[in-house]
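A quick write-up on the structure given underneath.
FYI, it's all coordinate maths here, none of it is from the lab. Note that this is a predicted model, so its numbers are computed, not measured. Glycine also receives a Cβ, built like all others from the backbone with ideal geometry; neighbour counts cover every protein chain displayed.
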Amino acid sequence: MGRMNRFMRNGRSIILAYDQGLEHGPTDFDERNVDPKFVIDIANRGGYDAFACQKGIAEKYHELIEAPLLIKLNGKTKIYGKEPIAAQNCSVEKAVKLGASAVGYTIYIGSAHEHEMMKEFGRIEEEAHDAGLAVVMWIYPRGEYVKDDTAGDMVAYAARTALELGADAAKVKFTGDRESFRWVVRAAGNIPVYMAGGPKTKSEEEFLSHVSGVVESGAAGIAVGRNVWQSDDPFRTSKLLNQIIIEGKGQKEIAKTA
Ligand code: FBP
């Protein structure tokens, strides 16, 4: 686990992601969660091992953030065309000044621009490791040649790419079933794998069953946003996530106590 150890409880962790304002725009938000203070409070008091955001939120709300900080160093809007590229917008040095314990970087494998992101990541990874920071790779297959971005073989390819390029952890999408996700975890070697949450599921049970599935498949945890801060009761959802991921409880077991 190495550099990710500091984010682990019982060998697992839960990361709260709040960079969707850039990636998707405010359409993801409502009156409550459009306010960074609302989500930072969840990160601080909900049992999270890291709060992931862009540098603007980290800087403007700095004094409120108590959870370990994971600053995304690149990002893009969703307006951009078919072959995505996310360029660096924050230096490792700035992330250190803002108090980050880790940095994040997105690579879209399969995009016509993958080589540019890989090159940039190579430099960032070396700078971050020299500065003592952990490096989390958001790694998503995307672009014209990617037929199915959550197919087991594509997500496993993504996880392996994160290992090969020197990331300390890989954040990938769910493949839809435990067996294929087990192979994703195997492909990542000894770096921890985190599942990205995705859009809010129809029911909380559905989301929690994905979460149980990935941890039983060997994932280290999840890096989740919408399914938490769009929840009617984010603190209740956070508690259930802690029970499943950190305490290793089964879904049936937590249903009895919820
Ligand atoms: P969610 O749990 O809300 O899906 O967040 C995870 C995440 O990786 C965010 O960090 C990021 O903003 C978003 O998903 C990117 O989603 P996509 O590129 O698939 O639209």
Go ahead and run the numbers for FRET between residue 9 and residue 146, Cβ-Cβ distance against an R0 of 30 Å, rounding to 0.05. 0.30
Share of pairwise Cα separations in the stretch 2-257, more than 35 Å, in percent: 7
Modelled FRET efficiency - R0 30 Å, residue 79 with residue 30, Cβ distances, 0.05 increments: 0.90
Taking the Cα centre of the stretch 2-257 as origin, work out the dipole magnitude from +1 charges on Lys and Arg Cβ and -1 charges on Asp and Glu Cβ, in debye rounded to 20. 360
Prolate/oblate/rounded call for the stretch 19-78, Cα gyration tensor, a/c under 1.5 rounded: oblate
Could you give the distance between the Cα centres of the stretch 84-111 and the stretch 1-70, to the whole Å? 15
Lys/Arg +1, Asp/Glu -1 at C-beta; the stretch 1-51 dipole; positive extreme among 39, 25, 7: 7
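How many percent of DSSP beta bridges within the stretch 2-257 run antiparallel, rounded to 5?
Given both bridge residues lie in the stretch 2-257, the antiparallel proportion sits at roughly 10 percent.
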For the stretch 184-236, listing trypsin sites (Lys or Arg not before Pro) in a DSSP loop whose Cβ sees at most 12 other Cβ atoms within 10 Å gives 202
Does the stretch 20-144 classify as rounded, prolate or oblate by the C-alpha gyration tensor (a ≥ b ≥ c root eigenvalues; a/c under 1.5 gives rounded; else a/b over b/c gives prolate, otherwise oblate)? oblate
GNM of the chain, Cα pairs under 10 angstrom: of 71, 222, 246, the biggest fluctuation goes to 246
Under a point-charge model restricted to the Cβ atoms of Lys and Arg (+1) and Asp and Glu (-1), what is the dipole moment magnitude of the stretch 197-247 relative to its Cα centre, in debye to the nearest 20? 180
Would you give the gap between the C-alpha center of the stretch 211-246 and the C-alpha center of the stretch 140-166, rounded to a whole Å? 23
